[in-house]
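The values are calculated or read from the model by the stated rules, or taken from the named source; none is laboratory data. In this text, all values refer to a predicted model and were calculated from it rather than measured experimentally. Cβ placement follows ideal geometry from the backbone for every residue including glycine, while neighbour counts extend to all protein chains displayed.
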Amino acid sequence: MNLEKLTSKSVAEGTFDEILLEDGFFVLTSKNDNDVVAILERDIDSSFIQFHFCTKGSAVFVFNQGTYTLDIKEDTSLLLYNPQRDLPIHLELQPHSWLVSVVISIEKFHGLFSQDANYVTFLSEDNKDKKYYTDGKINPYMSVVLNQMISFNLNNSIKPLYFKGKVYELLSLYFNRNEDADIEQCPFLVDEVNVAKLKKAKDIITANMAEPPTLKELSQMVDLSLKKLKEGFKQIYGDTVYGFLFDYKMEVARKLLESGEHNVNEVGLKVGYSTASHFISAFKKKFGTTPKKYITAAS
């Protein structure tokens, strides 16, 4: 994608949610729930390995002022490592796309595999000075962990601890040589079908946030029993169906208010509140302030 061809109307500056796990080890997450491309940037030097996971939509990594690009699609991963040159992130995150990135120094990463470094191809002695790019599919086990990382509603004080555990779990699954992982730990992962159904359920409620289906209707739409829908959704997304939807609606409302293009009543209607008072009450419950005060503070 050529940056010069993107007009100001179709592009917005995005931001990463950055969680520092320890020195030389951090996670970047970004959710672009808008209708325009989000441009995100982050300096990364040559001493780091980058793991990128697209859980929804797609994105384009741009290098060398647009002369070289790498695409990443939904449910795929991308590993980037080049000890010869810095690889700063310049990302075009497409509308309605989510991305999780794990960035770790080669020194720390090598320490994770010190007993079996030859197994990880790019850590072998012969390859230590060579660049390494590879893509792959996100399997259902990784999908659960990634969705927990990007969707769990966590207190900021425990986020680094939670993310550290999840990143180790994610890397273990990424490099797992045994494809027949123990499925007993999660009864919703007997095959990829149930995970796909739960993901479809999430997409349905977010696409119809103003008038979402009932749980019974939703279970019928994705062909899952009501019990499996409720338990599976909580397992993957860390919240009930409507708890997840509430947080999603409030985040959409917050961004609409920040845009300055809609008044409080309009925003409330867009996210499914028929009266301004109900919307104001919900917004205050989530953010601790009224929409009007939030706009004033943000401006």
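Comparison of TYR242, TYR294, TYR273 shows that the only residue that is over 23 Å from GLU74 (Cβ atoms), part of a loop (DSSP other than H, G, I, E, B) and of a type in the set (Phe, Trp, Tyr) is TYR273. If you check LYS234 against the conditions, is it in the same structural domain as MET209 (by TED's automatic domain parsing), over 26 Å from ASP35 (Cβ atoms) and at pLDDT below 85? Here the answer is yes, as LYS234 does meet what is asked. Taking the criterion of being among the charged types (D, E, K, R) and in contact with a strand residue (DSSP E or B) (Cβ under 6 Å, 6 or more places away or on another chain), the residues of region 36-50 that qualify are GLU41, ARG42. Summed over region 32-72, the residues that are surrounded by fewer than 17 Cβ atoms within 10 Å (Cβ to Cβ) and among the small types (Gly, Ala, Ser) give a count of 3. Inspection of region 261-271 finds a residue satisfying the criterion of being small (Gly, Ala, Ser), closer than 21 Å to ASP33 by Cβ and either at pLDDT 90 or above or within 28 Å of the chain's Cα centre (by Cα) (or both).
Only residues that are in a helix (DSSP H, G or I), modelled with pLDDT of 90 or more and either within 26 Å of ASN155 (Cβ to Cβ) or not polar (S, T, N, Q) (or both) were counted across region 185-227, and they come to 16.
Just so you know, in region 11-31 the residues that are farther than 27 Å from LEU161 by Cβ and surrounded by fewer than 16 Cβ atoms within 10 Å (Cβ to Cβ) include one that is modelled with the lowest pLDDT, and it is VAL11.
When you scan region 211-234, do you find a residue that is more than 30 Å from THR296 (Cα to Cα), among the polar types (S, T, N, Q) and within 23 Å of the chain's Cα centre (by Cα), even just one? Among the residues of region 211-234, not one is more than 30 Å from THR296 (Cα to Cα), among the polar types (S, T, N, Q) and within 23 Å of the chain's Cα centre (by Cα), which makes the answer no. Any chance region 57-64 includes a residue that's modelled with pLDDT of 85 or more, closer than 21 Å to GLU251 by Cβ and assigned to a strand (DSSP E or B)? Yes, that holds for at least one residue. If only residues of region 92-130 that are in a strand (DSSP E or B) and under 24 Å from ASP23 (Cβ atoms) are counted, the one that is modelled with the lowest pLDDT is SER105. State whether one or more residues within region 252-264 are in contact with a Leu (Cβ under 9 Å, 6 or more places away or on another chain), assigned to a helix (DSSP H, G or I) and either in contact (Cβ under 8 Å) with a residue 12 or more places away in the chain or not assigned by TED's automatic domain parsing to the domain that holds ASN153 (or both). Taking every residue of region 252-264 in turn, at least one turns out to be in contact with a Leu (Cβ under 9 Å, 6 or more places away or on another chain), assigned to a helix (DSSP H, G or I) and either in contact (Cβ under 8 Å) with a residue 12 or more places away in the chain or not assigned by TED's automatic domain parsing to the domain that holds ASN153 (or both).
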